[in-house]
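Input: a single structure, listed below in structure tokens.
The numbers here are math on the coordinates, done by the rules we state, and not lab data. Model, not experiment: these values are computed from the prediction. Here the Cβ is made from the backbone with ideal geometry for all residues, glycine too, and neighbour counts use every protein chain on show.
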Amino acid sequence: WLRGTYHYTETEGASVSFNFTGAWLSRCAAPVWVFGAAGPDYGDYEVRLDQVVLQRSAHQDSNATLPYVLYSAQNLTYDHHELTLSSRGNGGLLLDFIQTTVQLAPKGATVENQTLEETDGRIRYEGEWGNNQSGNFSGGGSTYTNGDGAYFELNFTASAIYVLGDKKNDHGLYEVTLSSNSSGSSSQLLSGVSGCGGAFGESCEQQLPSLKYFASNLANETYTLRLANIAGENNSYFDLDSIILSVPSEYDPRNLSSHDPIPTSSGASPSQTVGSGDSSSDNNSALALHNPLAVLVLSMLWLVRRWL
């Protein structure tokens with residue numbers, strides 16, 4: 001399993017959802033892939049991508065070779081999409097990881113990834129923050145807070161930004177605000193709780209690095225990122241490991257499409273399609289460079305809502 005973890009359910013109706021923004025970039029770069037497992041112990045599941053619903057089965061006589069593609073989508077418009085995977089019984093459903101493709105620059109441009117450690121002077125902290133020293137973190141350390149309203153800010157120019165930290169069950173909510181002069185301001189309320197449990201809960205939640213926030217398709221202008229901890233009555237924590245900026249040689253942000261998506265897909269055995277569209281029958285780092293135009297963001301379980 002990628003990074004040694006997976007999510008598994010035998011409960012019919014249990015589901016997991018993933019929101020992403022993207023489009024089909026090329027025949028080699030579908031915007032989203034869902035990996036899991038198939039074999040005699042696995043059953044039926046439903047895939048919903050926006051308004052398209054597919055009925056699939058992961059049941060087969062012998063265990064499939066890993067990683068196993070449960071679903072992939074192509075021919076998507078550049079827009080906000082929501083993918084939901086639901087168990088339909090007759091066996092288990094296992095989710096290993098979700099892979100997405102992100103365009104960072106137009107054709108012919110180059111992209112440089114710049115890593116800012118938590119000690120970088122460009123990151124401004126407010127409130128009380130402590131420091132961890134560990135080889136598990138980028139640069140050998142991280143900074144943390146359980147102060148309510150404690151925050152950090154960064155001014156930057158890049159086509160994409162990744163905020164990396166860790167996820168543990170003593171972490172909680174945090175708010176991220178991204179603003180610029182021309183784009184205005186947008187905020188998201190996110191959770192740093194790992195969702196891991198059971199006998200392997202501690203090893204599960206120690207997966208590093210963990211993606212705490214990601215934004216792409218940014219213009220050639222100065223943005224301000226603010227991330228604030230919401231400690232609440234549990235005095236929950238937030239840990240910052242590093243920030244990665246993708247800086248292209250040329251900027252060309254895309255506008256969202258005004259057309260409905262008509263995705264084509266592949267993956268496990270299809271049985272029925274509802275709505276528009278057709279159906280057919282690596283342990284990489286979190287920031288593996290796919291080509292100068294796109295980056296693959298792997299092991300995206302930290303962005304996926306827990307099983308219901």
Chain lengthening between E250 and N169 when straightened (0.36 nm per residue, less Cα-Cα): 25.1 nm
Would you mind checking which residues have amide H under 5 Å from K212's amide H? H placed 1.01 Å from N; only 5 or more apart, or other chain. V163, L164, G165
Rg/Rh ratio calculated on Cα atoms of region 111-248 (Kirkwood radius): 0.97
Amide H contacts under 5 Å for S57, placed H, 5+ residues apart: Y45, S269
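What's the FRET efficiency of L189 with N19 using the Cβ-Cβ distance as r and R₀ = 22 Å, to the nearest 0.05?
0.95
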Could you tell me the largest-minus-smallest coordinate of the C-alpha atoms of region 109-185 on each of the three principal axes, in descending order and whole angstroms? 38, 28, 24
Expected output is a single nm value to one decimal: the length gained when fully extending between V69 and N234, i.e. 0.36 nm times separation in residues minus the C-alpha distance. What is it? 55.5 nm
Amide H proximity to D170 below 5 Å, modelled H, separation 5+ or other chain, gives none
Given the Cα-Cα distance of D120 and D61 and 0.36 nm per residue of separation, how much length would full extension add, in nm? 15.9 nm
K167: which aspartates and glutamates have alpha carbons under 12 Å from its alpha carbon, excluding same-chain residues fewer than 8 sequence positions away? E202, E205, D239, D241
GluC sites (Glu not before Pro) within region 41-139: DSSP coil, no more than 12 neighbouring Cβ in 10 Å: E128
Can you give the local net charge around E118? Use residues other than it whose beta-carbon is closer than 14 angstrom to its beta-carbon, Lys and Arg +1, Asp and Glu -1. -3
